[in-house]
Amino acid sequence: MNKRISVSPVVAGHEMRIGQGFNAMHFAENDFQGMIDPVVMLDHFHMTAPTFEPHPHAGISAVTYVFEDSASPHHNYDSLGNQGPIQAGDLHWFVAGRGAVHTEQPEGENPHVHALQIFVNLPAAQKMMTPYAVHVDAADMPVHQAPGVRVRVAAGESQGLRSPVQLPQPFTLLDGFLEAGGTFEHAVPAGWNAMIYAVQGTVGVSMDAFACSQQLEAGQALGTSEARAVRLTAADSAHFVILSGPALKEPMVKHGPLVMNTLEQMNERLLAYRRGEFGRLELPTSQADHLSAATDAA
């Protein structure tokens with residue numbers, strides 16, 4: 001017997017602005033009644049200037065997906081020694097594990113990055129794993145195409161296509177586009193939750209036998225648990241994202257970009273960071289100057 005499908009209320013993103021160079025639609029996991037677990041946070045952002053100082057992460061993966069229409073790359077710097085551009089259409093998956101430091105920022109003339117930042121919780125057994133990062137170039141992502149439908153499989157799989165990225169846990173990230181009258185269906189494995197977000201336009205969302213239906217306007221999202229399939233439709237052109245992964249159903253203690261299972265674990269990780277165990281990030285002098293100027297302007 002199948003478990004009863006649960007669907008969260010439709011959630012409108014909270015508008016968030018930081019300084020003069022960053023604005024986002026922000027979604028937190030507690031808005032969805034547990035139905036987007038393992039997603040902890042989603043920011044759909046536009047960024048035109050360096051905004052964030054180097055900062056720590058632990059217990060999660062910090063995921064950056066840059067939309068294809070981004071006008072400039074998003075440059076990554078981390079304490080593992082990785083640095084370089086995340087180009088339009090790329091996916092960068094930073095597995096923080098027991099702890100690491102990073103920052104990302106637009107660079108170049110008249111920069112404008114259009115992207116998602118996603119915090120994906122790590123299961124308890126992986127929270128103390130060695131940090132690492134994986135990257136997928138836009139050209140290497142499979143694309144599902146059908147009449148009125150184009151969907152990029154950035155992570156995981158859908159419609160028989162699988163992303164090449166190897167992740168610490170199963171997870172699916174789909175970036176899809178519907179033309180007027182287009183329909184897309186995505187199968188959800190048993191025990192997984194799913195988050196559907198309307199980036200642009202209006203998206204009709206229904207689950208399984210399609211008896212449960214919702215409309216998402218741009219900037220709105222919902223979560224669903226125990227659905228076997230998600231079906232999306234659009235009367236006019238629309239852009240959507242689907243995030244889906246196995247529900248962890250574990251306790252969470254959050255402290256900004258650190259997520260552990262207990263307060264004791266969190267306090268230990270904060271002490272480890274202060275002791276310098278997350279590593280050190282050195283920005284190139286020119287980029288440190290740009291960040292300092294942007295911070296002063298804010």
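Where a number appears in this text, it was derived from the coordinates with a stated rule and is not lab data. Since this is a predicted model, take the numbers as computed values, not measurements. We place every Cβ from the backbone using ideal geometry, glycine too, and count neighbours over all the protein chains shown.
For residue 40, neighbours were defined as the other residues whose beta-carbon sits under 9 Å from its Cβ, and their charges (Lys and Arg +1, Asp and Glu -1) total -1. The calculated FRET efficiency for residue 140 paired with residue 263, based on their beta-carbon distance and R0 = 45 Å, is about 0.65.
Here region 38-95 was treated as a single set of alpha-carbon atoms; its pair distances binned every 10 Å from 0 give 18, 57, 25, 0 percent. In this label model, residue 157 and residue 282 are separated by 4.4 nm, measuring between points 7 Å along each Cα→Cβ vector. Neighbours of residue 51, meaning other residues whose beta-carbon lies under 11 angstrom from its beta-carbon, give a summed charge of -1 when Lys and Arg score +1 and Asp and Glu score -1. Rounded to the nearest whole Hz, the Karplus-based 3J(HN,Hα) values (6.51 cos²θ - 1.76 cosθ + 1.60, θ = phi - 60°) of region 102-109 follow the sequence 8, 8, 9, 7, x, 9, x, 6, with x at glycine and proline. The Cα atoms of region 211-253 cover 41, 24, 14 Å along the three principal axes, with the biggest extent listed first.
Measuring how big the chain is from its alpha-carbon positions, Rg and Dmax come out at 18.8, 61 Å.
Provide the FRET efficiency to the nearest 0.05 for the residue 129-residue 179 pair, computing r from the beta carbons and using R0 = 41 Å. So the FRET efficiency works out to roughly 0.45. Applying 0.36 nm per residue to the separation of residue 18 and residue 274 and subtracting their alpha-carbon distance, the gain on full extension is 89.6 nm. In plain terms, the C-alpha convex hull of region 14-128 casts an average shadow of 7.2 nm² when viewed from every direction. For region 231-248, the Karplus equation 6.51 cos²θ - 1.76 cosθ + 1.60, evaluated at θ = phi - 60°, returns couplings of 10, 10, 9, 8, 7, 10, 4, 8, 10, 9, 10, 10, 10, 8, x, x, 5, 7 Hz by residue, with Gly and Pro reported as x. Largest first, the extents of the alpha carbon coordinates of region 103-251 on the three principal axes equal 45, 45, 27 Å.
Here's the list of aspartates and glutamates a cross-link from residue 127 could span, going by alpha-carbon distance under 14 Å and ignoring same-chain residues fewer than 8 apart: 250, 264, 268.
Helical content alone sets the calculated 222 nm signal of the chain at -2500 deg cm²/dmol, taking -39,500 (n - 2.57) per DSSP H segment of four or more residues and averaging over every residue. The residues 186, 102, when put in order of fewest to most other Cβ atoms within 10 Å, stand as 186, 102. Between helix 285-297 and the chain there is an angle of about 70 degrees, using the helix long axis and the longest principal axis of the Cα atoms.
Loop-located GluC sites (Glu not before Pro) in region 1-110 (DSSP state other than H, G, I, E, B) with a sparse environment of at most 11 neighbouring Cβ atoms within 10 Å: 109.
The local environment of residue 270, defined by Cβ-Cβ distances under 15 Å, has a net charge of +3 under the rule Lys, Arg +1 and Asp, Glu -1.
Against the chain, whose longest principal axis is taken from its Cα atoms, helix 263-274 shows a tilt of about 40°.
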